[in-house]
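Notes to accompany the following structure.
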Amino acid sequence: ITTVTTYIFFVMAAKVIVLSLLCFAVVQSQRDLTLVPNASGSDVVKAVVSKIETAGLFPTDHRLLRRIAYVESLDGEDTRAFRDGYHGGIWQVNRATLIDTQNLSAHPGLVSLYDKVQAYFGIDWRFVTWEDLRMPLYSGLAARIYLWSVGGIPLAGEIDAQATYWRTSYNGTAKDFATLVKALEKDEECNIDVDLIFVLDSSGSIGRGNFQSVREFVKNFIMSGLTIREDEDQVGVIVFSDSAQVVFNLNAYQNQAQLLSAVDSIPYIAGGTNTDAALRQLIDEGFTEGGGAR
């Protein structure tokens, strides 16, 4: 069962007004929980997986990284996930496993991968410590680098084969991988998907510098937990100044990398602040079937 919830974000000057069917709120900042030690939950895990997939550094893992987070620690919400003296984080990466991801003699290909990780994430993997893995992004990266070094990940539909792979290559415990994965995916089938439209003030009152901050806010919000796909979360953008225009509709982009690139290209217009035009544009073209709304 999938429910689609619609949201509108009005971004004007220094504040963001969030309108939904149920509430009005003012959002002033968006904290990146993937870099907060001991942060947990499915939204955090999805954000980490999305960041790693968007980076394009690895071949597909057939959903294994997502599944391991749940099997190992219930997305960090198991009471033992962040136990005293153990720093493996959501993906429960042992110290020896981290050391293996830093072993250039055993894995010469890590040299080029390190360069890519540093270029994209700003992380020099050679100096990552086990304690760093309490941050979800670091734990997820450690798990993904290790899986890359092992290779041969079974297809997503081959859950029993992934269970054997996980048991022999990653964990070695008697946990019922297949049962936990089926529970996870049954739960995710019932998730609420989001149709989200950002309505951005691109007038002279906000200024070019502040408008760049608005773009960064939009990108950070997208990366904080949305899963950009036709059957999951969708994002559209309207800008307004003297008039209003749809920059892109809800169904324009079906992966995060393309969407983030499109956000970088949102134009700054200057001119007046015609909020009425923005509302009319939203009503006429925003949440409509032609605009990609579900």
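Brief remarks follow.
- Residue in segment 186-202 that is part of a helix (DSSP H, G or I), modelled with pLDDT under 95 and surrounded by 13 or more Cβ atoms within 10 Å (Cβ to Cβ) present: yes
- Residues satisfying the stated conditions in segment 145-179, i.e. open to solvent by 40 Å² or more (accessible area, probe 1.4 Å), touching a Phe, Trp or Tyr at 6+ places or on another chain (Cβ under 6 Å) and farther than 20 Å from Val48 by Cα: none
- Any chance Leu57 is open to solvent by 60 Å² or more (accessible area, probe 1.4 Å), modelled with pLDDT under 95 and assigned to a loop (DSSP other than H, G, I, E, B): no
- Residues of segment 228-247 that turn out to be under 30 Å from Glu185 (Cβ atoms) and surrounded by fewer than 19 Cβ atoms within 10 Å (Cβ to Cβ), as a count: 4
- Whenever a residue of segment 114-127 is among the hydroxyl-bearing types (Ser, Thr, Tyr), its partners that are open to solvent by 20 Å² or more (accessible area, probe 1.4 Å) and not in a helix (DSSP H, G or I), lying with C-beta atoms within less than 8 angstrom and at least six residues away or across chains, give the pairs Tyr114/Asp124; Tyr120/Leu57.
For (1) of a type outside the set (A, V, I, L, M); (2) crowded, with 23+ Cβ neighbours inside 10 Å, each residue gets a yes or a no:
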site	(1), (2)
Trp91	yes, yes
Asn94	yes, no
Leu110	no, no
Tyr120	yes, no
Trp130	yes, no
Gly140	yes, yes
Ala143	no, yes
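- Subset of segment 280-294 that is outside any loop (DSSP other than H, G, I, E, B), touching a residue at least 12 places away in the same chain (Cβ under 8 Å) and open to solvent by 50 Å² or more (accessible area, probe 1.4 Å) - its residue that is farthest from Val194 (Cα to Cα): Arg280
- Residues of segment 159-175 classified as more than 24 Å from the chain's Cα centre (by Cα) and in contact (Cβ under 8 Å) with a residue 12 or more places away in the chain, total: 6
- Any hit, segment 13-35, residues being open to solvent by 10 Å² or more (accessible area, probe 1.4 Å), modelled with pLDDT of 85 or more and more than 15 Å from Tyr138 (Cβ to Cβ): no
- Counted residues, segment 244-265 - those being more than 16 Å from the chain's Cα centre (by Cα) and outside any loop (DSSP other than H, G, I, E, B): 7
- Number of the condition not met by Ser50 [criteria: (1) at pLDDT below 90; (2) of a type in the set (S, T, N, Q); (3) surrounded by fewer than 16 Cβ atoms within 10 Å (Cβ to Cβ)]: (3)
- Considered as a group, the residues in segment 203-236 that are among the small types (Gly, Ala, Ser) and in a loop (DSSP other than H, G, I, E, B) include one that is nearest to Thr34 (Cα to Cα), and that residue is Ser224.
- Within segment 57-91, the set of residues being at positive phi and either free of Cβ contacts under 8 Å to residues at least 24 places away in the same chain or touching a Phe, Trp or Tyr at 6+ places or on another chain (Cβ under 8 Å) (or both) comprises Leu74, Gly76, Gly85, Gly89.
The values are calculated or read from the model by the stated rules, or taken from the named source; none is laboratory data. Not measured: the values here are computed from a predicted model. Note that each Cβ is placed from the backbone with ideal geometry, even for glycine, and that neighbours are counted across all protein chains shown. Remember, those area values only see protein heavy atoms, side chains included, never the ligands or the DNA or RNA. Shrake-Rupley method; radii C 1.70, N 1.55, O 1.52, S 1.80 Å.
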